[in-house]
Amino acid sequence: MTELTKRILVAVPAASIFISLAWMGGFYFNAVMALLAAGTIWEVGRLLKMSGRDLFLPVSYLIAGAIWVAVILPDPVLYVFVALLILATADAFISTKSEWSVKWLNTMLCAVYTTLGYYMAAAVRELGTGQDGFWLILALFLMIWGNDVFAYFGGKNFGRRKLAPHISPNKTWEGFWFGFLGAVTGATIAWFSVADFPLTFYQLLPAAIITSVTGPVGDLLESSMKRRADMKDSSSLLPGHGGLFDRFDAMILTAPFIYFYFTLFV
């Protein structure tokens, strides 16, 4: 069985389940996003440790949990928690050569970068009224998936010029530009899927452009971490795909940008 066949056999049912949970929204979608974030934090922490960059992994989970439930925390508790994080991070930046400062910055990277992507994806699902959020989150993932698929096949068949040879040798500029076409295709499918999509088509197109830039950058950031750790995949959880970080690296960076873009219109 080829790697592509494995990817398809896992991706199709996984995407169907994911879309069903997104349609349900609320607790179900938030719970899935939180679980995916927790699994990805473990993978990112593992990559950091394998590359010789130690961290306080339990503290990463504590920070991630606080981010996830921030909206229901009493204001005094939230303010104190944020103040402590700012003070600790400021001290880490000031004393960058100490062992504690390096571990703390790695801890923050693992917690904040990873969690915000999933948290913002869940926030996209809550935008608008009725099922507006479902169509918006569907658009987000169709753009990401379209970008990924078109970039893969475009690069495989037409790729000549390396995009970042020292980080990800298989990525090409030709694949990158094909990814733009894929993101626009995903946006178009989402827009035509419902008669009253929350955005106009011309409002949705810039989101495809944002996705086409942030998605590959997120992928390259993850590739850089794997290269430093001398690992092919972040884990072996998903046959043909690697780990959660491998599968959601583009979304983690893209979701915050798309959320704030969508809030301009919804």
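Net charge near L36: determine it from the other residues with C-beta under 15 Å of the C-beta of L36, scoring Lys and Arg +1 and Asp and Glu -1.
Surrounding charge for L36 is -2.
Could you tell me the center-to-center distance, by alpha carbons, between region 143-184 and region 1-66 in angstrom?
Taking the Cα centre of region 1-66 as reference, the centre of region 143-184 is 23 Å away.
Please report the spacing between the Cα centers of region 108-132 and region 215-230 in Å, no decimals.
Each part's Cα centre sits 21 Å from the other's.
For region 250-257, just list the computed ³J(HN,Hα) in residue order, Karplus coefficients 6.51, -1.76 and 1.60, θ = phi - 60°, integers in Hz, with x standing in for Gly and Pro.
Working through the residues one at a time gives 5, 5, 4, 7, 6, 3, x, 5 Hz.
Looking at the calculated P(r) for the chain, what percent of the C-alpha pair distances fall above 28 Å?
Summing the P(r) of the chain above 28 Å gives 37 percent of all pairs.
Placing +1 at every Lys and Arg Cβ and -1 at every Asp and Glu Cβ, with all other atoms neutral, what dipole size does the chain have around its Cα centre, in debye to the nearest 20?
It comes to approximately 840 debye.
Determine, for S168, S98, the number of other Cβ atoms within 10 Å of each Cβ, and report the residues in order from fewest to most.
Numbers: S168 18, S98 12.
By the 10 Å Cβ count, ascending: S98, S168.
Within region 3-262, what is the number of lysine pairs with alpha carbons under 20 Å apart, leaving out pairs fewer than eight places apart on the same chain?
Here the count comes out as 14.
Read-outs throughout are calculated quantities, based only on the coordinates presented, and are distinct from any laboratory measurement. Here the structure is a predicted model, which is why all the values come from computation and not from measurement. Backbone-built Cβ (ideal geometry, glycine too); neighbour counts: all protein chains shown.
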